[in-house]
Amino acid sequence: MVILRIVLAGIAGYLIGSLSSAVIVSYAVNHTDVRNYGSGNAGATNMARIFGMGVGVATLLLDGLKTAGAMSLGRLIGGEYGFLLSGFTCLMGHCFPVYFHFKGGKGVSVGAAIGLMLSWKVFVLLVAVFFITFALTQRVSPASMMCALTFVPIEFIVGIRGTWTTVLGIAAGLTVLIMHRENFKRLLRGEEKKFRPRRTGDKPEKRE
């Protein structure tokens, strides 16, 4: 019975994570699919590039809320294990949403929200790592990858040392890194673009 409840928590996490905020908001704002523009990614960064910073931030917040909802429900259904598993399955749903042909985001916003659900200290340090890296590079992808690389070390720094919490941190970090593999290749070639949100009067970027 306990295992069944944990499995159900994982399934619920995936279904909630599959609610792609970027796709839903892009249809609400402009009756179009953000995946047809810019990087083709259904994430907050591409939303900001295509629709403006305000829409990008709104998408980021919605991704955070769905993660919090998924993990809270996971804890209610399956206890601590359900809480942790639903965090990972929410991330999988975000990256591979069942409702949107399995083409979603790269997991950064959900990964940050997982950090917040584990501890506000983890979240604060992840945000610090992100903005320091972004300030040095002016690019979102290396900042995102640096957060993925430092997720588990940050858990240890703040005193989170549970086996399954560490496993979640490793799994989340690896997922974000894998989802950024093309960005990494472009960084090596010197082709990764600097982040520039859309401004009034700009034309939406065509799909790269």
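Each reported figure results from applying straightforward, stated rules to the coordinates on display, with no laboratory input. Note that the coordinates shown come from a computational prediction; the quantities given were computed from them, not determined experimentally. Note: ideal-geometry Cβ built from the backbone for every residue, glycine included; neighbour counts use all protein chains shown.
The distance between label points at Ser119 and Ser72 comes to 2.2 nm (points 7 Å beyond Cα on the Cα→Cβ vector). Neighbours of Gln138 by Cβ distance under 15 Å: Lys/Arg scored +1, Asp/Glu scored -1, total +4.
Coupling constants for the stretch 50-67 follow from the phi torsions by the Karplus curve (6.51 cos²θ - 1.76 cosθ + 1.60, θ = phi - 60°), and in residue order they are 8, 10, x, 5, x, 5, x, 5, 4, 5, 4, 5, 5, 4, x, 5, 5, 5 Hz; glycine and proline get x. Full extension of the chain segment joining Val167 with Ile3 gains 57.2 nm, where the gain is 0.36 nm per residue of separation less the Cα-Cα distance. Taking label points 7 Å from Cα along the Cα-to-Cβ direction, Tyr99 and Arg199 give a separation of 3.5 nm.
Angle of helix 140-157 to the longest C-alpha principal axis of the chain, folded into 0 to 90 degrees and rounded to 10: 20°. Scan the chain and report its longest stretch carrying no trypsin sites (Lys or Arg not before Pro) that are both in a DSSP loop and have at most 13 other Cβ atoms within 10 Å. It works out to 1-160.
For Leu61 and Thr32, what does the FRET efficiency come to when R0 = 22 Å and r is the distance between their Cβ atoms, rounded to the nearest 0.05?
Computed FRET efficiency for Leu61 and Thr32 comes out at 0.60.
Mean-square fluctuation check for the chain, GNM, Cα pairs under 10 Å: which of Thr67, Thr89, Thr137 is largest? Its mean-square fluctuation being the largest, the pick is Thr137.
Computed from the C-beta positions of Thr137 and Leu174, the FRET efficiency with R₀ = 25 Å rounds to 0.70.
Of Tyr81, Tyr14, Tyr99, which is the most mobile in a GNM of the chain whose springs link Cα atoms less than 10 angstrom apart? For the chain, modelled as a Gaussian network with Cα springs under 10 Å, the answer is Tyr99. Between the listed residues Ala22, Tyr37, Gly111, the Cα displaced farthest toward the positive end of the dipole of the chain, a dipole computed from Cβ unit charges relative to the Cα centre, is found at Tyr37.
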